[in-house]
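To start, the structure itself, in structure tokens.
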Amino acid sequence: MSHPAERDVPAIQTVNVRRVYHARGGRSIGGAKAGKTVVALDGVSLNIARGEIFGLLGRNGAGKTTLIKILTTLLAPTSGQAYIDGMDVTREVTKVRQRIAMVSGGEQSGYGILTVREQLWMFAQFYGVPSKIAHQRIDELLSAVGLGDQANQKVYALSTGMRQRMNLCRALVSDPEILFLDEPTVGLDVEASRSVRDYVRQWMRQDPRRTVLLTTHYMFEADELCDHVAVINHGHIVAEGTTDDLKRGLQEHARFQLEMAEWLPAFTEMLRNRDGVVEAQAEQRNDRTQLRLALLREEFIVPTIASINEAGGRVLALRRIEPTLEEAFVRLVGDEAESQREAEGAEVNG
Amino acid sequence: MIETTSAGGLRERIAASRTWQTLRAATWLEWQARGNWTNPILYGIYLIVRPMTTSLVLVLMYWLVSGAHAHGGLFGFLIAGAAAWTFVDQIVAGVPQAVLADREEYAMLKYVYITPARFLVVLIGRALPRMLVAFISFTVTLAFGVAILGVPVDVRMINYPLLLLALVLGFVGITALGIMLAGLALVLKRGAWQMPQAVTGALYLVSGAIFPVAVLPVWLRDISLGVPLTYWLELTRRALLGSRIGETFPIASTGAILGWLALTTVILSAVSVIVFRICDYFARERGQIDRTTGY
Ligand SMILES: Nc1ncnc2c1ncn2[C@@H]1O[C@H](COP(=O)(O)OP(=O)(O)OP(=O)(O)O)[C@@H](O)[C@H]1O
Ligand SMILES: [Mg+2]
């Protein structure tokens with residue numbers, strides 16, 4: 001922990017990771033190939049810094065789970081390298097495993113025969129956590145996610161949402177540094193998902209070395225939780241940055257919406273001729289006029305408003321129009337039908 | 001320098017403690033999974049009745065086939081074999097099925113797999129309670145044979161040191177087999193659930209569990225003498241019934257049999273670990289650790 005260089009090492013790093021699946025009836029032993037192969041990841045390179053909640057966004061089948069499986073030592077990459085804390089996931093498996101934990105949503109996993117506490121204790125044992133510390137942690141974790149009363153209940157009797165929260169505790173009982181959450185809130189009700197999100201945030205605040213890699217189909221969740229996101233499409237990273245970067249990346253121009261009083265049609269023409277104004281559109285709404293402006297840069301809004309005032313117009317309200325993450329996402333990954341065609345193109349028949 | 005050494009020492013201590021904790025936790029898990037502990041009486045009956053019915057069926061079959069020739073000595077051979085075989089059933093067939101259940105029923109294999117716990121240790125832990133269950137069945141079956149069928153076991157004449165040695169070596173070999181099949185079950189695309197039963201079925205015929213190795217065709221006998229289970233069964237019989245029972249066995253000397261048992265057990269264990277590692281490699285390569293699709 002005290003090694004000075006360690007601070008510069010990304011928590012998670014992938015270099016040109018590629019993963020090809022051979023579907024049923026796939027590879028025959030002589031090297032001759034039969035059946036379909038699917039390229040799930042096609043040269044993924046990512047750097048995720050310590051202390052970040054990093055979101056991986058992508059449609060069904062984009063390759064998110066595949067990447068998480070590779071990073072959690074469940075699956076070998078076909079080529080390329082992946083590192084956790086600078087350690088190779090295929091060569092330094094045990095060291096990697098000491099640092100990571102994973103939760104996948106949307107599955108009914110758990111030893112039904114055990115109680116919640118027993119199950120968590122067992123996992124703590126697999127990590128070498130002394131029993132006493134384990135029980136202390138279990139109490140803290142369960143009450144933090146609102147499962148305090150279920151500690152001694154059998155796992156089979158838990159609802160989906162309870163099971164999912166137990167699974168989060170299971171991942172955290174070993175005090176991992178790097179946590180992988182694959183759609184952690186899928187199938188949870190509003191309150192349960194919020195409690196998961198809140199707890200993840202709280203957990204991150206407790207220690208600056210912690211890192212989360214999260215996948216989700218809920219854009220608001222990514223927007224709310226993530227410092228950085230990457231969008232993956234057909235095994236390619238197609239965009240990466242902060243959520244604001246992604247939204248802004250969409251927008252060539254700064255867009256504003258203004259509520260106007262005392263509007264004259266001539267104003268529109270005047271605005272269009274001003275420097276820095278790319279587009280101006282006015283629309284009459286009852287006694288008001290709604291004006292939409294596209295400016296070359298944000299700063300042009302001040303002189304533009306001044307000129308409207310000078311001409312005798314009156315601005316009642318001003319709002320910057322931000323694209324949502326969802327819009328950004330849809331723009332990046334294209335529409336479903338188009339993507340379907342591409343997906344078919346990506347599957348190689350060998 | 002001193003700091004590095006002490007940190008390394010600490011890491012080793014943690015690793016050693018983790019191995020022990022893993023063994024304990026896996027044993028405990030299997031112990032919970034083994035019995036329906038909410039209904040211990042029912043489980044107790046199951047533990048006792050099942051081996052008894054198995055041996056009864058065998059004895060009846062022999063009776064029908066050999067008629068008047070059925071006698072205590074022959075029953076001794078049969079009952080000892082059937083009693084000992086519960087170890088194979090419990091572990092060689094049971095451990096792979098426990099792994100498959102982890103993957104497909106509980107969807108937990110992947111989570112166990114990505115812990116730093118060594119998977120081999122987890123499997124050994126899961127074999128231990130099964131050994132206890134098998135030991136209970138073993139004892140019950142023998143007692144039943146002695147009391148009802150007149151099997152000539154004299155409790156005072158049992159060669160206990162030999163029995164213990166046979167059981168310990170047998171347990172090592174049987175666990176090694178269970179681990180190997182668990183590895184194979186992970187990578188099999190079809191029939192993973194049936195494979196362990198099929199293998200134990202074949203071993204049942206080959207290793208002299210119900211009829212003497214001597215009656216096998218020569219080529220099968222050669223296979224038989226490569227399997228530690230053959231020596232293990234023979235030694236268990238000799239320890240329980242005296243060496244006269246082994247008159248038909250191709251090797252006369254008990255010491256030589258013990259030597260063969262030790263040798264084949266060591267070889268089997270090494271092969272098992274290698275096969276398991278290879279399967280583990282392929283399972284990771286192909287993404288089979290968390291495959292939950294049915295077979
Ligand atoms: N075991 C497998 N065998 C063959 N193909 C697979 C296997 N697992 C995944 N794939 C394929 O790899 C691609 C990526 O799958 P992956 O599960 O990584 O997607 P994902 O982004 O997690 O999707 P989702 O949002 O639906 O969970 C898909 O085309 C999928 O069909
Ligand atoms: Mg997925």
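The values are calculated or read from the model by the stated rules, or taken from the named source; none is laboratory data. Bear in mind that the values here come from a model prediction, so they are computed numbers and not experimental data. Neighbour counts are summed over all protein chains in view; Cβ atoms, including those assigned to glycine, are modelled from backbone coordinates with ideal geometry. Each accessible area value is taken on the protein alone, full model and side chains, heavy atoms only, with ligands, DNA and RNA left out. Shrake-Rupley method; radii C 1.70, N 1.55, O 1.52, S 1.80 Å.
Given the options B:G191, B:G145, B:G173, which has the most mean-square fluctuation in a GNM of chain B, springs set between C-alpha atoms less than 10 angstrom apart?
Checking each option, the largest mean-square fluctuation is seen for B:G191.
Can you list the residues, at least 5 places off or on another chain, whose amide H is less than 5 Å from the amide H of A:I237, using H built in the peptide plane?
Close amide H contacts, sequence-distant or interchain: A:S45.
Give the lysines reachable from A:K154 as a straight Cα distance under 30 Å; neighbours fewer than 8 places away on the same chain don't count.
Cross-link targets: A:K69, A:K132, B:K110.
Amide H to amide H under 5 Å from A:S104: which residues, 5+ apart in sequence or cross-chain, H placed 1.01 Å off N in plane?
Answer set, sorted by chain and number: A:D182.
Skip the ligands, DNA and RNA, and give the accessible area per residue of the protein assembly as shown with a 1.4 Å probe, whole Å².
46 Å²
Give the long-range amide H neighbours of A:R274: residues separated by 5 or more places, or on another chain, with amide H under 5 Å away, using H modelled in the peptide plane at 1.01 Å from N.
Residues meeting the criterion, in which the H sits 1.01 Å from N, do not exist here.
Give a residue-ordered list of calculated ³J(HN,Hα) values for the stretch B:203-210 (Karplus: 6.51 cos²θ - 1.76 cosθ + 1.60, θ = phi - 60°; whole Hz; x for Gly, Pro).
Couplings: 5, 4, 6, 7, 9, x, 6, 10 Hz.
Over the heavy atoms of A:Y199, what accessible area does a 1.4 Å probe trace out, to the nearest 10 Å²?
20 Å²
Compare each residue of the stretch A:123-170 in its chain alone against the assembly with all protein chains, and report those whose accessible area goes down by 40 Å² or more; 1.4 Å probe, heavy atoms.
Hits at the 40 Å² cut-off: A:F123, A:Q125, A:F126, A:Y127, A:G128.
Which angle between 0 and 90 degrees, to the nearest 10, do you get for helix B:228-241 versus the longest principal axis of chain B when only C-alpha atoms count?
50 degrees
Where in chain A is the longest stretch that carries no trypsin sites (Lys or Arg not before Pro) classed as loop by DSSP and with at most 10 other Cβ atoms within 10 Å?
Longest site-free region, per DSSP loop and neighbour criteria: A:92-296.
What is the percent carbon and sulfur in the accessible area of the protein assembly as shown, measuring with a 1.4 Å probe over the protein chains and ignoring ligands?
Of all accessible area on the protein assembly as shown, carbon and sulfur atoms account for 58 percent.
Taking chain A on its own, what percent of its Cα-Cα pair distances exceed 30 Å? Write down the numbers at each step before the final one.
On the way: 31192 of 61075 pairs.
Taking all Cα-Cα pairs of chain A, the fraction more than 30 Å apart is 51 percent.
Pop out the ³J(HN,Hα) list for the stretch A:265-277 in order, Karplus 6.51 cos²θ - 1.76 cosθ + 1.60 with θ = phi - 60°, rounded to Hz; leave Gly and Pro as x.
x, 5, 4, 4, 4, 4, 5, 4, 8, 6, 5, x, 8
Have a look at the stretch B:84-116 and report residues whose accessible surface goes down by 20 Å² or more when the remaining protein chains are included, against the chain on its own, probe 1.4 Å, ligands and DNA/RNA excluded.
B:Y106, B:A107, B:M108, B:K110, B:Y111, B:V112, B:Y113, B:I114, B:T115, B:P116
Could you work out the helix-only [θ] at 222 nm for the protein assembly as shown, with each DSSP H run of four or more residues adding -39,500 (n - 2.57) and the total divided by the number of residues, to the nearest 500 deg cm²/dmol?
Rounded to the nearest 500, it is -17500 deg cm²/dmol.
With a 1.4 Å probe and every protein chain left in place, tell me how much accessible area B:E285 has, in Å² to the nearest 10.
Looks like 50 Å² after rounding.
Please name the residues of the stretch A:81-118 whose accessible area, counted over protein heavy atoms with a 1.4 angstrom probe, falls by no less than 50 Å² between the chain alone and the full protein assembly.
At a threshold of 50 Å² (probe 1.4 Å), the residues of the stretch A:81-118 that become less exposed are A:R97, A:Y111, A:I113.
Equivalent-ellipsoid semi-axes (√(5λ), Cα gyration tensor) for the stretch B:25-285, whole Å, largest first?
Ellipsoid half-lengths, sorted descending, are 32, 22, 16 Å.
Using alpha carbons only, how many degrees (0 to 90, rounded to 10) separate the axis of helix A:336-346 from the longest principal axis of chain A?
The answer is roughly 50 degrees.
I'd like the orientation of helix B:119-149 relative to chain B: the angle between its Cα long axis and the longest Cα principal axis, in ° from 0 to 90, rounded to 10.
Value to nearest ten degrees: 20.
Enter the buried accessible area of the B/A pair, total of both sides, probe 1.4 Å, in Å² rounded to the nearest 100. Before the final figure, lay out the partial values.
On the way: alone 15270 and 18030 Å², together 29940 Å².
Summed over both sides, the interface buries about 3400 Å².
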